[in-house]
Amino acid sequence: YQTKERDHIFSQAMPTKYWGNTFVLTASAGRHKDYVRILALNDGTEVRINGNLVHTFDFANTDKKQYWEFTIGDQGTYAQTGSCVVTTSCPCATHLFLASKKADNVANGDPAMLWVNPIEQQIDQVTFATYSSKNGTTAHYVNVVTDQPDLMTISGGTTTPTMTFNPVSGSSTYYYAQVSLGSQATSYTLKSNGSNFIAHVYGFTSNESYGYSAGGATVPLSQSIYINGEEFSPDKENNLCGKDTVKFECKPDFMPDSVIWHFGDGTPDVVLV
């Protein structure tokens, strides 16, 4: 971001069968903005933030690299409240980039990159570690997202961290916490006693940052649509006659919040909850 920090950041690519459609994004504690990249698998994928259409991928023109970028945080383009919900019409991969101290105009930190697990890949328990640095004291954090905050526990370290949850902006389902883990390098265990969560760990010190996803499921996700018993795909024709009854079926191998049939001709959408 034109501040010449000379960092090389990378993340191992997650296989596309594990990509998702719903992401709860949470900004980093003590920072003004984080950068988010949404990587699309399919041309024409629509991206919505808190239900509002904000981008449609066009691989031939505006999105030749197949990703779209925006910022979150109190000085970001979105999620000034610290959180937002991103939904995509087709499977996507999402990465969060921590900015350098120069780019973010703060005292500590350097670029870092981490994978954001989709909501479809939530887990119920994980043990993770924080790391020390030769550059000085590191401030460690973990961001946690869940639909049942009262079921969440954290253990480890010399003192039990405090988890204070707030509603995720744009959602009536999810809550998030930015949990301070102090400055020691140690291990912690996050657990949901009856629900699920996603989380990511990160830390800042002088001219250095780190961040990573604190575990996630790797369940192959697919969304199959059937028309009159025949699987639909954009590459094949489904032959129908004039006034035939058309029977739609949606068979995802994960639990969706809702299914919306959008016909594209002005006919009202059909919402199946």
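Hey, can you tell me all the residues within the stretch 30-44 that are more than 16 Å from D110 (Cβ to Cβ) and open to solvent by 10 Å² or more (accessible area, probe 1.4 Å)? Outline the logic, then answer.
Quick first cut of the stretch 30-44, residues more than 16 Å from D110 (Cβ to Cβ) only: 36-44.
Listed by number, the residues that qualify are R37, L39, L41, N42, D43, G44.
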Problem set entry | Filter result (of a type in the set (S, T, N, Q) and part of a loop (DSSP other than H, G, I, E, B)) within the stretch 49-73 | N50, N61, T62, Q66
Exercise. Would you call T173 free of Cβ contacts under 8 Å to residues at least 60 places away in the same chain, part of a loop (DSSP other than H, G, I, E, B) and surrounded by fewer than 22 Cβ atoms within 10 Å (Cβ to Cβ)?
Worked result: no
Seminar exercise, completed: Residue count, the stretch 176-213, condition of a type in the set (A, V, I, L, M, F, W, C), surrounded by fewer than 23 Cβ atoms within 10 Å (Cβ to Cβ) and at pLDDT below 95, comes to 1
For this session: With the checklist (1) open to solvent by less than 40 Å² (accessible area, probe 1.4 Å); (2) over 14 Å from the mean Cα position of the chain (by Cα); (3) within 21 Å of H32 (Cβ to Cβ); (4) not hydroxyl-bearing (S, T, Y) in hand, flag the one item H95 doesn't pass.
Result: (2)
Problem set entry | Considering residues of the stretch 103-162 that are in a loop (DSSP other than H, G, I, E, B), open to solvent by 50 Å² or more (accessible area, probe 1.4 Å) and of a type in the set (D, E, K, R) only, the residue farthest from T173 (Cα to Cα) | K134
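The values are calculated or read from the model by the stated rules, or taken from the named source; none is laboratory data. Only a predicted model underlies this, so the values are computations on that prediction, with no experimental measurement involved. Using ideal geometry, Cβ is built from the backbone for each residue, glycine included, and neighbour counts are taken over all protein chains shown. Just so you know, the surface numbers come from the protein's heavy atoms only, side chains and all, with ligands and any DNA or RNA stripped out. Shrake-Rupley method; radii C 1.70, N 1.55, O 1.52, S 1.80 Å.
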